[in-house]
1. Out of (1) at pLDDT below 95; (2) within 13 Å of the ligand (Cβ to nearest atom), the odd one out for Q200 is which?
2. Only one of Q343, Q326, Q310 is in the same structural domain as G213 (by TED's automatic domain parsing), out of contact with any strand residue (DSSP E or B) (no Cβ under 7 Å at 6 or more places or on another chain) and in a loop (DSSP other than H, G, I, E, B). Can you tell me which?
3. Which residues, taken from the stretch 67-104, are within 16 Å of the ligand (Cβ to nearest atom) and either assigned to a strand (DSSP E or B) or among the charged types (D, E, K, R) (or both)?
4. Sort out which residues of the stretch 51-66 are within 16 Å of the ligand (Cβ to nearest atom) and either of a type in the set (S, T, Y) or crowded, with 24+ Cβ neighbours inside 10 Å (or both), and write them in order of number.
5. Give the residues of the stretch 326-340 that are closer than 21 Å to D73 by Cβ and either polar (S, T, N, Q) or touching a residue at least 60 places away in the same chain (Cβ under 8 Å) (or both), sorted by residue number.
6. Out of all the residues in the stretch 176-186, is one or more in contact with a Pro (Cβ under 9 Å, 6 or more places away or on another chain), modelled with pLDDT of 95 or more and either closer than 22 Å to P439 by Cα or surrounded by 17 or more Cβ atoms within 10 Å (Cβ to Cβ) (or both)?
7. Yes or no: the stretch 284-294 includes at least one residue that is under 22 Å from F68 (Cβ atoms), assigned to a strand (DSSP E or B), more than 16 Å from the ligand (Cβ to nearest atom) and over 19 Å from the mean Cα position of the chain (by Cα).
8. Tally the residues that are of a type in the set (G, A, S) and closer than 18 Å to S273 by Cβ, restricting the search to the stretch 42-94.
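The values are calculated or read from the model by the stated rules, or taken from the named source; none is laboratory data. Everything numeric here is computed off the predicted structure, so don't read it as measured data. Glycine gets a Cβ as well: all are built from the backbone with ideal geometry, and neighbour counts include every protein chain shown.
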Amino acid sequence: MAPLNRFLCGAAVAGLIAGTGSVVGAQAGLSALSADWLLAAEHVLLIGTDGTNLDKILEYAYNDDSGFKTLMDRGVTAATSVIGHQAMSTPEWTTILTGVWDDKHGVVSNLYRPEPYTAWPSVFNLIEYYKSEVDTTVVSPVGLFTELGAIGGYPVDNIIGITGGSNFAEVDALVTDATVAKILATMDNPDISTFMFSYQSQVDNAGHTFGGGSQEYAQGVINVGANLQQIMTAVAQAEAATGDRWTIIAVTDHGHMQTPTLPGFSFGHGFQSPNETSSFVMFSLAGNEAQAGGQSLGYSLVDITPTILQAFGIPMRSDFDGAPMQTDPALLNSVVMPVDLKQGLTDAINSYGYPNIGTEIMLSLRSLAGGVGYVIQNYLVGPVDNYLQTLIDQDIFGISLLAEGAQWVVRTVGGAVVDVTDQLGRAIGYLTGAGVIEPMDAPLPLPGSAEFSIPDFHASDLPLALDVDALVG
Ligand SMILES: [Zn+2]
């Protein structure tokens, strides 16, 4: 937990409340009204569900058992598209979590590298740099998001990396349990602002194995809807207990083909067909009942990071591609109130087509080149290495020794091949326009470095001296 958060805990909070002359006692003794004006914590929850087509949500999970519908009824929904950008996970999650498209961040492959997030800091780093008192959390299977949360000099406070689960549905259930627990735990410290990112993966994995048109994919959408319902119920419980309202955003990074190109292998997405570039944003701004059940014709994945920063009063980068959904005039004007939301969204989904042929070829080339290193790593080097390890583990005279030698060769040569293909993929990415635009803003200074500057705590009325020592130490 960040130093300021520690300061705000327990007795210190009681002291702040006592100082105003309010009734002091159990937290439940505070009325919702006094909790609002006195402490006014911001709570922002970002739910990511990978590779989830909105038309499948409308078909299978637009009912009262589904948290998708609960969220859509409470907020504004947009059928969005990543047309003209790579419909691939890490490139699009990077777009969502940095507020800029791939022509700036330059991520073209699912092979994780930390470098792009120095020039283009993630929302995690931006919150922790400007407002370290916000309690930040990532709940995800160990991988991209637990890495992203940990890097950059301003890591998130709580990285809950989920391991275990014998299939992707079980993994998502574990993520949901941890997310619900963390939401309910905020009731113990209702004055502390929170940001949480929670990630579900089973829909995308069903799409890769069985296709977006499969019964397995539909079941994944239903399952994630049920998980989201549990999360929405926990938020409602926290809101009722504290009087604070939560801002909730749900988003996907891309869609899926009805049938994968190579079933059971990969390439269920990555190209430019409308099913693959299909995406969505669901946005429920704390306290905004006026637009409940609305539809936006203007939201986009790049708006997510600016919106989260705006909620905490953090300044925008000068070169964001997106804008805050709650204050940007064009985005506010993009919201309509359809008589039939499902029909309105279906019409929007059907309005998207293919990009021009040049863009389509360029992005397909980029996805193929960017994907080669990842495929070699995950489908060739990894499995062969694992197989050799089982031979080594059996300790069979002669065979195990041979396997050990073979494993050395696979690791050395395989690693080199992955490195070369990854670099080639990035070179092709650059030639096709990824990462060609330089940032206008300087990278965040590293803590303790000479150019370190004191974060601006804006309207905070707490003395800065309280946590500066801890921050720079
Ligand atoms: Zn994905």
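1. (1)
2. On the way: Q343 fails: in a loop (DSSP other than H, G, I, E, B); Q310 fails: in a loop (DSSP other than H, G, I, E, B).
It is Q326.
3. T80, S81, E92, D102
4. If we filter the stretch 51-66 for residues that are within 16 Å of the ligand (Cβ to nearest atom), which is where we start, we get 51-54, 56-57.
Scanning the stretch 51-66 gives G51, T52, N53, L54, I57.
5. Filtering the stretch 326-340 down to residues closer than 21 Å to D73 by Cβ leaves 326, 331-332, 334-340.
The answer is Q326, S334, V335.
6. Within the stretch 176-186, the subset in contact with a Pro (Cβ under 9 Å, 6 or more places away or on another chain) is none.
No, the stretch 176-186 contains no residue that is in contact with a Pro (Cβ under 9 Å, 6 or more places away or on another chain), modelled with pLDDT of 95 or more and either closer than 22 Å to P439 by Cα or surrounded by 17 or more Cβ atoms within 10 Å (Cβ to Cβ) (or both).
7. Going through the stretch 284-294, the residues under 22 Å from F68 (Cβ atoms) turn out to be 284-294.
Those left that are additionally assigned to a strand (DSSP E or B): 284, 294.
Add one more test, that the residue is more than 16 Å from the ligand (Cβ to nearest atom), and what stays is 284, 294.
Cutting the leftovers down to over 19 Å from the mean Cα position of the chain (by Cα) gives us 294.
Yes, because at least one residue in the stretch 284-294 is under 22 Å from F68 (Cβ atoms), assigned to a strand (DSSP E or B), more than 16 Å from the ligand (Cβ to nearest atom) and over 19 Å from the mean Cα position of the chain (by Cα).
8. Narrowing the stretch 42-94 to residues of a type in the set (G, A, S): 48, 51, 61, 66-67, 75, 78-79, 81, 84, 87, 89.
From the residues that got through so far, the ones that are closer than 18 Å to S273 by Cβ too are 51, 79, 81, 84, 87, 89.
Residues flagged as of a type in the set (G, A, S) and closer than 18 Å to S273 by Cβ within the stretch 42-94 amount to 6.
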